[in-house]
Amino acid sequence: MSHKMLVAFVILTLSFAGTSFAAPISYGNVNADSVVYQQLFEDSATDPGVALYGAPTVSGDALLFTPPSFSAVASAPFTMDATDGTFAGYVNAINNSRIEEMVFTERGDFTLAGVGGAGTFVQIGATFFVDIIQLDGFDLTVPIEVTQQMVFDSGPLWNLADDGGLVVPFSGAVTIDINQAIIDAGYFGQATKVKFSLDNALFAMSDGGYAYIKKKDIDGFSIVTTTDIPEPATMSLLALGGLAMLKRRK
């Protein structure tokens, strides 16, 4: 517990730095409709070797998770608990597709009960790190870096005095506009390969009450893609080719 208490303090004060730790769990490559997820793995600072996210499944271009043990609980006075987990890998566009947007959504619940006040609380934080490393099939010398925090429908901190309740649901989402990030960086083209890392952390503390928070369902890490559309010059050539074929038929 003392090790997790120290990590909790570091996580909260350093705003979830997204560092990978020992004993990663590898999930390999996963094929989706328009992309391939490559070198997927999860890791944890507080629970090394524990599958917090669990093996993902695929639906369309989305990865879906059912976290088996991503929770934090504090039930004795003046105790605290933290759980921190990173999920990372690469997204490689296939079938002439381009990566336009990356979306991550999740749901969970918390319980705050018993005798206590504002010192009995739970907190959640999640930060999405993205490196755009390839445009239109060509590797970038310097990746385009984007960092964005998940926004929750309430919270991200709830305390017993103001938010007490049993199995209170919460949800959050983060969207990375890849096309806009490329424009803001002064580049032309669209992304064909992206490196990503999601750092998710839960924290619970008790001043006498019961504090519990758990991720119940990570609805999905989804990719919005587009398929190559011929440029105007190419369209003109195709049109001319079509006219030539019509003339030959006549």
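The values are calculated or read from the model by the stated rules, or taken from the named source; none is laboratory data. Nothing here was measured: the structure is a model prediction, and the numbers come from that model. Here the Cβ positions follow ideal geometry from the backbone for every residue, glycine too, while neighbour counts run over all protein chains shown.
For the reader, a short list of remarks on this structure follows.
- Scan of the range 123-144 for residues that are small (Gly, Ala, Ser) and crowded, with 20+ Cβ neighbours inside 10 Å, ordered by number: Gly125, Ala126
- Residues of the range 37-47 that turn out to be farther than 22 Å from Gly108 by Cβ and either assigned to a loop (DSSP other than H, G, I, E, B) or over 14 Å from the mean Cα position of the chain (by Cα) (or both), as a count: 2
- Within the range 35-63, the residues that satisfy the criterion of being of a type in the set (Gly, Ala, Ser), surrounded by fewer than 20 Cβ atoms within 10 Å (Cβ to Cβ) and within 17 Å of Lys215 (Cα to Cα) are Ala51, Gly54, Ala55.
- Of the listed requirements (1) assigned to a strand (DSSP E or B); (2) more than 29 Å from Ser75 (Cβ to Cβ), Leu112 misses just one: (2).
- Count - residues of the range 82-109 that are assigned to a strand (DSSP E or B) and under 30 Å from Thr226 (Cβ atoms): 19
A quick yes/no check of all residues on (1) in contact with a Pro (Cβ under 6 Å, 6 or more places away or on another chain); (2) in contact (Cβ under 8 Å) with a residue 40 or more places away in the chain; (3) β-branched (Val, Ile, Thr); (4) within 23 Å of Leu64 (Cβ to Cβ):
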| position | (1), (2), (3), (4) |
| --- | --- |
| Thr86 | no, yes, yes, yes |
| Val91 | no, yes, yes, yes |
| Thr105 | no, yes, yes, yes |
| Gly137 | no, yes, no, no |
| Glu145 | no, no, no, no |
| Asp163 | no, yes, no, no |
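- Leading residue by the ranking (modelled with the lowest pLDDT) among those in the range 150-181 that are of a type in the set (D, E, K, R) and within 20 Å of Gly220 (Cβ to Cβ): Asp153
- Top-ranked residue in the range 93-117 [being of a type in the set (S, T, N, Q) and buried (at least 18 other Cβ atoms within 10 Å of the Cβ); ranked as farthest from Thr175 (Cα to Cα)]: Thr111
- From the list Thr192, Thr225, Thr120, Thr147, the lone residue that is under 27 Å from Thr57 (Cα atoms), at pLDDT 95 or above, buried (at least 16 other Cβ atoms within 10 Å of the Cβ) and among the β-branched types (Val, Ile, Thr) is Thr192.
- The selection criterion, being under 20 Å from Tyr212 (Cβ atoms), touching a strand residue (DSSP E or B) at 6+ places or on another chain (Cβ under 9 Å) and surrounded by 15 or more Cβ atoms within 10 Å (Cβ to Cβ), holds for Ala82.
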